[in-house]
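K.L.:
Before I ask anything, here is the structure I am working with.
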Amino acid sequence: MIIANVFGEDHVTYSDYLESLSEVYFSMGRYEEVDRLMEKMIAIAEHNRINSPDDYVATQQYIGKFYAQMGRYTEAEAAYSNALNYYLQLGKE
């Protein structure tokens, strides 16, 4: 992928691309591929958590939304809780 070559596979811009692609896969019912992309997005968010805390929170919220849409409510709740807890740690109450 050109974006991965330009920014690297651990860059938040690459994660944005994965987010868009996951929306396409979700619309097509390709949930296993959505899972695979979400795992990569989580890894990128974790890698960049210190330098891009807002992206970490946004990624967790995005992941929570997709888990909820897939009926995976326990995982959705965990993702939303991660987002909220980290947001509160940042002092952005």
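The values are calculated or read from the model by the stated rules, or taken from the named source; none is laboratory data. As the structure is a prediction and not an experimental result, all values here were calculated from the model. Here the Cβ is made from the backbone with ideal geometry for all residues, glycine too, and neighbour counts use every protein chain on show.
K.L.:
Considering every residue within segment 67-74, establish whether at least one is modelled with pLDDT under 90 and among the hydroxyl-bearing types (S, T, Y).
P.N.:
no
K.L.:
Which residues, counting only those in segment 43-93, are surrounded by fewer than 17 Cβ atoms within 10 Å (Cβ to Cβ) and of a type in the set (A, V, I, L, M, F, W, C)?
P.N.:
Hits for segment 43-93 are A43, I50, A68, M70, A78, L84, L88, L90.
K.L.:
Cβ-Cβ distance below 7 Å, separation of 6 or more or different chains: which pairs start in segment 68-93 with a residue that is farther than 14 Å from A58 by Cα and end on one that is among the hydroxyl-bearing types (S, T, Y)?
P.N.:
M70/Y31; E75/Y67
K.L.:
Restricting to segment 69-93, what's the tally of residues that are out of contact with any helix residue (DSSP H, G or I) (no Cβ under 9 Å at 6 or more places or on another chain), aliphatic (A, V, I, L, M) and farther than 15 Å from D55 by Cα?
P.N.:
Qualifying residue count, segment 69-93: 0.
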